[in-house]
Ligand SMILES: Cc1cc2nc3c(=O)[nH]c(=O)nc-3n(C[C@H](O)[C@H](O)[C@H](O)COP(=O)(O)OP(=O)(O)OC[C@H]3O[C@@H](n4cnc5c(N)ncnc54)[C@H](O)[C@@H]3O)c2cc1C
Ligand code: SF4
């Protein structure tokens, strides 16, 4: 590992100042330290934010307010989360391993970096790690890569399960930086790779995630997260889907769908959602709607099977959501 | 034998040490003033090193040495091969020239006073190459198969009868081509060596399944006498075959230590575990079987091809099982190697048989479907009375008993044979079965037994325990023979000072080391008998040998009327010095030639397949084995469960992917090289049929380590077919194979 300095911060303002001056936030460290060991990440200065007062999880009306430093484990197990937004719990528990979830934070989860194997190998070309060096995955191993939102620069999938659920639920996030505070939909945190895959999100230098807010809706009760992967746990999604349905008398009033494992960012399936509204909650409807998720999808040598798996996963997730008792 | 200790489900004698951390593994033998070495691995797959900028790195903080081919000592690399080294070719010589033979080959080591500094400096080392494109895929047009030059006990080509004519005349036939991906062992414990020189004496605390050979190999590499090298490895955190050979990192640790004049620790990174420490070779096979309408095999043609490196011919028993598994007058097996620009493969749990039997047992299942016959019935109809390949009887063979007991326990009768005919809710259910086999090997082993003044015993063998429970089972053998409580026997292993044992592989430790310990215990008892007979004050004075017997560690005259003498008493009478015997034992070559010796088993698997998203999951599995005497049923079960989990990995998950452009293992990472987790192994059941084999060895044991992995992959893939109606001839079977069912 390359030497670095570590500064523990107890005050939000002080932490932001340190990060604005070039420091890098560290929370659970499960993404950052891993990548530092591989020397993919080389921060000279770390700002430890674990002592900041961002560990609260509260309910304001029916809205969940999840502090950025709440761990994945605590968030998943929280009674209010399970009651109001069970799909968030499900997406968290399906992620990583218990040990990792005990350390990893909600803020860190959203900012975790891609799992593209070439990104992690310094001797492979990777535009995300070394801008303009090329992309090893496009003509190499890309079975785990994206079919949506790709560019000729990068096709890596955004790996967060939580983000998929949050985006389906129209969650927003609050960040604070040197120029004050702002809030925006979680979906707007992410950026498509375009020609600048090394810029992954829309945070400004020094901006600190404060919390994530999840509004409630009638769909929240019938919501499921389906994660499809070759082993039963401790693996990133091959394809995943968060689906939420508001059904009245067998007719869908509103649907929410977002998918993981397929996009360069967590992918909201708005065309599919629209196609479901006002239709019966049956398999035929689900299948028709799921096909729309493939609009604009582009497969590579190794991931063509996701063109079949994506709609199949959406259909199953919708069925699971519908069948919530 | 009237058994007191053997056959008992004794808990691991080393269990407490393991769970409390008192058991020390290679990397934990930290030495005073120890430095740390980190390997710099080649980042190209073939070519030459053009330059190494050592000077820049040598100046970094804490760096003690940067060693590459430019400044490494010229090593002797004297000829040396043991049974686990490929018979043909020459091992990789590290840092001796500028050639890069495969991706990840060590090109330099950086030594520093702390691990962090060594890592940091290693990452900063700039190496440039003249690179060429390697050939790493056996299907590549440039890949050239060849007949292995030497293949040990089994020939590369074997023919009996006229398989082609018989196939042409067969009423029913199947023709199956399979592709099993490369696997890496990925044990929990990484390879690790701490090396220290004391003058010309080299001590290595090094992860090894074969310390005696590591001693000999390192002595040969450095051109020093064998007695100048000591290898110590009391505990192993899993190995599965990757620590049988002595790989280049051991040499590198010793070079580094000599270079800096300090003890040096070298631990491979997880990524490096996919480079130079062997792997299960990718295999391409074709299996053709012809049969009569009533299911009698008339022809088997098995052509198998395994990858190897350019510099060594790694051979394994890929086609060996086909020669004797079923009764069939016309059989041809053909084994070929494809040299590629990769590191040399090595034995991995169930080597040869697990890949070869996958092809045979898949084809047998397909044949059963073509015949409309139950797959167990098909095997029953072709059960041979002798080994038809060698034309000798089996020392014992309980395959049919295994199938019978297994079918009963598993509930095979509930299976409806039609593919896709069984469901649980929306899930497709499949049941599959397959035969498992592995040779009952026994290479020569020695052992030392020592009785102490207090009447307790010490046993020493340079054996290993990578998890099966060698410590415990060998303690049981010694306790049994000596008639002592297990608590009065102390067994030590993993030290090259001890009498040599064969490699801890090939499922032979129980047979080989157990037989040697038995013999050593008998020998030391005989020494005491002679003393007692010679001693005028002993109640056994002048007794005839046949008139005496040992009962629970006491010598007495047969009939039991006279006084007895304990070990302690006989030793005390001789002055109190410990009495020890060291013996070597090998299988009687005459008996070995008379019998075909193998363990057999039947494996049953039930899987579910999600028809929408292509997920295949094992729901339950049963392995039934006839493996001779079971020394410790608790350990044996654990051993088999481990093998079965390995089989689940082989069937559904494990696969090292190489990037064809530079031969790079792409998923050399535990997050991406998938191994089964607990959720993937819900219910594993193990059963042993009673099997008495009077020929294999005096203990009557056959070994379980390999056979328990062997039948799993074909049973799973047969179950996948039963569930889905889709044959997948590629391992591992993944989601992408099972979509759009
Ligand atoms: C083996 C493995 C398997 C995994 N499997 C899964 C999985 O299946 N599904 C899944 O979703 N995830 C998975 N993960 C990822 C894991 O969830 C993330 O590593 C974790 O959530 C990151 O949180 P952290 O607190 O450890 O972040 P850190 O590593 O501390 O930080 C990550 C990044 O976020 C930044 N950061 C952290 N907190 C803040 C903040 N409040 N404001 C601004 N920036 C911040 C850091 O500067 C850093 O860039 C896996 C990880 C590993 C190692
Ligand atoms: S897909 Fe993206 S992360 Fe992967 S190699 Fe290409 S640029 Fe790098």
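All of the numbers you see were taken from the coordinates with simple rules; none came from a lab. Not measured: the values here are computed from a predicted model. With ideal geometry, Cβ positions are generated from the backbone for all residues, glycine too; neighbour counts draw on all protein chains shown.
Scattering from region A:5-50 was approximated by placing one identical point on each alpha carbon and applying the Debye formula without solvent; log10 I(q)/I(0) at 0.17, 0.21, 0.31, 0.32 1/Å stands at -0.43, -0.64, -1.13, -1.16.
Hey, with R₀ at 25 Å, roughly what FRET efficiency would residue B:19 and residue B:670 work out to, going by the Cβ-Cβ distance, to 0.05?
About 0.65, to the nearest 0.05.
Put simply, the Cα atoms of the protein assembly as shown extend 101, 75, 60 Å along their principal axes, the longest span coming first. For peptide A:231-238, the mean count of partner chain Cβ atoms within 10 Å of a residue's Cβ comes to 6. Its relative contact order, with pairs defined as Cα atoms under 8 Å and 6+ residues apart, puts region A:1-153 at 20 percent. For the pair region B:291-364 and region A:171-246, the centres of their Cα atoms are 50 angstrom apart. With Rh defined as the Kirkwood radius, the inverse of the mean 1/r over Cα pairs, the Rg/Rh of region B:409-466 is 1.43.
Each residue, residue B:48 and residue B:90, gets one label point 7 Å from its Cα in the Cβ direction; the gap between the two is 1.8 nm. Legend: mean number of C-beta atoms from other chains within 10 angstrom of residue C-beta atoms, peptide B:658-666, equals 5. Using alpha-carbon positions, what is the distance between the centroids of region B:62-76 and region B:237-288, in Å? Taking the Cα centre of region B:237-288 as reference, the centre of region B:62-76 is 19 Å away. By other beta-carbon atoms within 10 Å, ranking B:620, B:556 with the fewest at the front produces B:620, B:556. In units of the rule-of-thumb radius 2.2 N^0.38 Å, region B:333-423 shows an alpha carbon radius of gyration of 1.42. With a simple spin-label model that places each label point 7 Å from the Cα along the Cα-to-Cβ direction, the separation between residue B:227 and residue A:63 comes to 8.3 nm.
This ranking places B:580, B:366 by how few other beta-carbon atoms lie within 10 Å of each, fewest first, which gives B:580, B:366. A full extension of the chain between residue B:130 and residue B:590 corresponds to an added length of 160.0 nm, given 0.36 nm per residue minus the alpha carbon distance. For a quick check, take a GNM of chain A with Cα springs below 10 Å and name the residue from A:99, A:112, A:298 with the largest mean-square fluctuation. It is A:99. Across all directions, the average projected area of the convex hull around the alpha carbons of region B:227-338 is 11.4 nm².
Site pair residue B:391 and residue B:370 shows an inter-label distance of 2.9 nm when each label is modelled 7 Å from Cα along Cα→Cβ. Only Cα pairs under 8 Å and 6+ residues apart enter the sum, and on that basis the relative contact order of chain A stands at 17 percent. Protection proxy ranking, highest mean first, for peptides A:277-285, A:80-88: A:80-88, A:277-285, where packing is the per-residue count of other beta-carbon atoms within 10 Å, averaged. With semi-axes defined as the square roots of five times the eigenvalues of the C-alpha gyration tensor, the equivalent ellipsoid of chain B measures 41, 39, 22 Å, largest first. If you wrap the Cα atoms of region B:602-698 in a convex hull and average its projected area over all directions, you get 9.5 nm².
Across region B:460-602, the relative contact order, built from alpha-carbon pairs under 8 Å that are at least six residues apart, equals 21 percent. Estimated at 0.36 nm per residue, the fully extended path between residue A:7 and residue A:39 surpasses their Cα-Cα distance by 9.5 nm. Counting neighbouring Cβ atoms within 10 Å and putting the fewest first, the residues B:606, B:377 line up as B:377, B:606. Legend: calculated FRET efficiency, residue B:99 to residue B:56, from the Cβ-Cβ distance at R0 = 25 Å, rounded to 0.05, equals 0.60. Extension gain, residue B:527-residue B:78: 0.36 nm per intervening residue step, less the Cα-Cα distance, totals 157.6 nm. Between the alpha-carbon centers of region B:560-586 and region B:681-702, tell me the distance in whole angstrom. Going from one Cα centre to the other spans 33 Å. Computed per residue of the protein assembly as shown from DSSP H runs no shorter than four, each worth -39500 (n - 2.57), the mean residue ellipticity at 222 nm is -7500 deg cm²/dmol. Shielding of B:610-623 by partners, i.e. mean partner chain Cβ atoms within 10 Å per residue? Counting Cβ atoms of other protein chains within 10 Å of each residue's Cβ and averaging gives 3. Size estimate for region B:443-586 follows the Kirkwood approach: the inverse of mean 1/r over distinct Cα pairs works out to 15.4 Å. Taking all C-alpha pairs of region A:229-313, those more than 19 Å from each other amount to 39 percent. FRET efficiency for residue A:14 and residue B:30, Cβ-Cβ distance as r, R0 = 35 Å, nearest 0.05? Computed FRET efficiency for residue A:14 and residue B:30: 0.35.
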